[in-house]
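Enquirer: Can you read through this structure? Questions will come right after.
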Amino acid sequence: MIHKILLLLNFIFMAGISMAQYVEVQANYNSVGDCIFSASNNAKVPMYLHINFADIENTTFNEPLPYIKKVAPGFNSLFTLQRDLDAGIPRFNYDIETFRSNPTADVDLNFPYLIPLKEGKNVSVFDVKNIDGFWGKETLESWFATGFKAEPGDAVFASRNGVVAEVVGDSRTGDSRYWYHTWTKSITLLHDDGTLICYNGVQFDPEQLVVGQKVFAGQKIGEIINDSGELVVLIFHDSLFTKKLAFVIPQFVINNSGDAEIMNSLKPYKVFHPELIRGMEMTKREKRKFLKNN
């Protein structure tokens, strides 16, 4: 007899406000007593699922720990708890959490991000003094942001490949539990390594950029809307162990050879988008389609 269990994922609290996303997890017993786990992600973007078994009998959990699974929109196979044939059916208790980003992200601190402005443009960098309002009234203990000084209306480009997680205009609507942060005039992408990047001070075209869409390094995603011409970029992800956001100090490409460094507010920079860097996370097919020399 097959028993089906539908579990609604627990909500987690990140920096004081819950970030909820409904994901259905199914645990189905087959005819021999094995328990097959799967998950359905009803969101338009990938989510990260954490399952932690507290008690387990008549079977073993053989997945690497901690168990973090990136679940794409739609149906996802997870794992199978195989029954101990000399015992009864598997019995277990477990906790489940969902995250917007990878809470155990293995971040490449030397990754070469593109300066997110038009290639060939001369830009300056400024020190970001605060990120008030990024997470409501909560004050983050530790954070890092990069500020670029340009002109109102200047085009903004993706610094690396990602999936559009959230786009926000002049105001926010809907349930705050579904927000990635509280900023308006922003675009948030989910990177392949599980980190999130937020471009703040950006106007987007809703016909050109939608949630769930894949964008590529060097692709135009919007325009600077602030009268000051300031663009603020944050790269961050959840943390499984501290329950606080972790921020990444990125290195940006500074020449056509792809060399990268942490931005210095005392230096002027010229924007380079070398194809070698743009194509780093592209498939061969994507390179042929999006890179002009291919």
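The values are calculated or read from the model by the stated rules, or taken from the named source; none is laboratory data. Every value quoted in this text rests on a predicted model; they were computed, and no experiment measured them. Cβ coordinates were reconstructed from backbone atoms using ideal geometry, including for glycine residues, and neighbour counts include every protein chain displayed.
Enquirer: Condition first: touching a strand residue (DSSP E or B) at 6+ places or on another chain (Cβ under 7 Å) and at positive phi. Can you find one or more residues in the range 165-177 that meet it?
Expert: No.
Enquirer: Then there is this: Has the range 273-280 got at least one residue that is under 29 Å from residue 140 (Cβ atoms) and part of a loop (DSSP other than H, G, I, E, B)? Let's see the steps before the verdict.
Expert: Looking only at the range 273-280, we keep the residues that are under 29 Å from residue 140 (Cβ atoms), and these are none.
No, that holds for no residue.
Enquirer: Further, regarding this structure: So which strands (runs of 3 or more DSSP E) are wholly in the range 94-177 and hold at least 2 residues that are within 24 Å of residue 45 (Cβ to Cβ) and at pLDDT 95 or above?
Expert: 155-157, 162-168
Enquirer: Looking only at the range 79-93, decide whether some residue is in the same structural domain as residue 258 (by TED's automatic domain parsing), surrounded by fewer than 20 Cβ atoms within 10 Å (Cβ to Cβ), touching a residue at least 60 places away in the same chain (Cβ under 8 Å) and in contact with a Gly (Cβ under 6 Å, 6 or more places away or on another chain).
Expert: No, because not a single residue in the range 79-93 is in the same structural domain as residue 258 (by TED's automatic domain parsing), surrounded by fewer than 20 Cβ atoms within 10 Å (Cβ to Cβ), touching a residue at least 60 places away in the same chain (Cβ under 8 Å) and in contact with a Gly (Cβ under 6 Å, 6 or more places away or on another chain).
Enquirer: Yes or no: the range 192-200 includes at least one residue that is over 14 Å from the mean Cα position of the chain (by Cα) and either surrounded by fewer than 18 Cβ atoms within 10 Å (Cβ to Cβ) or assigned to a loop (DSSP other than H, G, I, E, B) (or both).
Expert: Checked against the condition, which is being over 14 Å from the mean Cα position of the chain (by Cα) and either surrounded by fewer than 18 Cβ atoms within 10 Å (Cβ to Cβ) or assigned to a loop (DSSP other than H, G, I, E, B) (or both), the range 192-200 yields no hits at all.
Enquirer: Take the conditions surrounded by fewer than 20 Cβ atoms within 10 Å (Cβ to Cβ) and among the hydrophobic types (A, V, I, L, M, F, W, C) and apply them to residue 280. Does it pass?
Expert: On the way: surrounded by fewer than 20 Cβ atoms within 10 Å (Cβ to Cβ): yes; among the hydrophobic types (A, V, I, L, M, F, W, C): yes.
Judged against the criteria, residue 280 is a match.
Enquirer: Looking only at residues that are over 15 Å from residue 187 (Cα atoms) and under 12 Å from the mean Cα position of the chain (by Cα) in the range 227-242, which one is surrounded by the fewest Cβ atoms within 10 Å (Cβ to Cβ)? Before the answer, list the steps.
Expert: Here is the first cut: in the range 227-242, the residues over 15 Å from residue 187 (Cα atoms) are 227-229, 237-242.
Restricting the remaining residues to those that are under 12 Å from the mean Cα position of the chain (by Cα) gives 237-238.
Details: 237: 25, 238: 27.
For the range 227-242, the residue satisfying everything is 237.
Enquirer: Tell me which residues, restricted to the range 42-73, are surrounded by 13 or more Cβ atoms within 10 Å (Cβ to Cβ), in contact (Cβ under 8 Å) with a residue 40 or more places away in the chain, aliphatic (A, V, I, L, M) and not in a loop (DSSP other than H, G, I, E, B).
Expert: 47, 49, 51, 68, 71
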